[in-house]
């Protein structure tokens with residue numbers, strides 16, 4: 001992840017926006033129970049969010065604190081749209097580091113979501129400006145993520161995609177231990193961004209360095 005990265009995210013669809021904009025005092029109808037998340041729902045594109053100036057985004061990042069411990073959420077109550085876009089970001093950012101690295105990236109997303117500084121939903125968190133480089137339209141991972149449905153069932157990428165979906169569901173249901181120790185930031189060992197200069201990572205996982213704070 002690079003804080004200097006833009007968020008080139010897929011187009012808005014009105015179904016997600018309308019559903020979430022409608023939250024208010026009135027109690028929503030109880031969702032139908034199901035044995036596991038209905039992953040067919042993730043075919044709906046992610047709702048993008050307005051770009052924030054880099055200085056504003058970095059100022060917010062410096063003020064962030066680790067999120068509280070996650071609560072156990074029944075599988076049927078998982079927001080499957082959130083789960084899909086969390087899994088897709090984990091896959092795009094860290095599949096080459098294996099399941100452990102994807103889980104670590106997923107927990108950074110969840111830590112930010114629960115901290116409340118990057119939105120209430122994982123979709124809002126991963127689409128925040130200057131945060132996840134896989135969403136840059138010039139990043140080679142972007143077209144791969146947009147064509148995730150075309151993966152060959154026998155490919156390693158497809159195996160990692162299945163793992164990413166499973167891990168995202170585990171994280172959002174509160175059934176995954178955070179291997180990052182509450183990290184809110186990370187980058188690969190191949191880069192040295194300005195925001196991490198002089199900072200010691202709290203974890204190194206799958207070729208990624210994880211931090212609780214940023215400069």
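The values are calculated or read from the model by the stated rules, or taken from the named source; none is laboratory data. Note that the coordinates shown come from a computational prediction; the quantities given were computed from them, not determined experimentally. With ideal geometry, Cβ positions are generated from the backbone for all residues, glycine too; neighbour counts draw on all protein chains shown.
From (1) surrounded by 17 or more Cβ atoms within 10 Å (Cβ to Cβ); (2) over 19 Å from the mean Cα position of the chain (by Cα), pick out the condition that doesn't hold for residue 194.
(1)
Being part of a helix (DSSP H, G or I), closer than 18 Å to residue 212 by Cα and touching a strand residue (DSSP E or B) at 6+ places or on another chain (Cβ under 9 Å): is that true of residue 114 here?
Spelling it out, it is not the case that residue 114 is part of a helix (DSSP H, G or I), closer than 18 Å to residue 212 by Cα and touching a strand residue (DSSP E or B) at 6+ places or on another chain (Cβ under 9 Å).
Give me the residue from the range 129-147 that is assigned to a loop (DSSP other than H, G, I, E, B) and surrounded by 24 or more Cβ atoms within 10 Å (Cβ to Cβ) and, out of that set, nearest to the chain's Cα centre (by Cα).
Among those that are assigned to a loop (DSSP other than H, G, I, E, B) and surrounded by 24 or more Cβ atoms within 10 Å (Cβ to Cβ), it is 132.
Sort out which residues of the range 64-97 are at pLDDT below 75 and under 19 Å from residue 180 (Cβ atoms), and write them in order of number.
64, 65, 66, 67, 68, 69, 70, 71
Considering 95, 120, 103, which residue is crowded, with 18+ Cβ neighbours inside 10 Å, out of contact with any strand residue (DSSP E or B) (no Cβ under 7 Å at 6 or more places or on another chain) and under 22 Å from residue 72 (Cβ atoms)?
None of the others qualify; the one that does is 103.
Can you name every residue in the range 179-210 that is under 18 Å from residue 98 (Cβ atoms) and outside any loop (DSSP other than H, G, I, E, B)?
186, 187, 188, 203, 204, 205, 208, 209, 210, listed by residue number.
For the range 86-123, which positions are touching a helix residue (DSSP H, G or I) at 6+ places or on another chain (Cβ under 7 Å) and within 15 Å of residue 144 (Cβ to Cβ)?
Scanning the range 86-123 gives 87, 88, 89, 90, 91, 92, 93, 94, 95, 102.
Can you name the number of the only condition in (1) more than 15 Å from the chain's Cα centre (by Cα); (2) surrounded by 12 or more Cβ atoms within 10 Å (Cβ to Cβ) that residue 152 fails?
It fails just one condition, (2).
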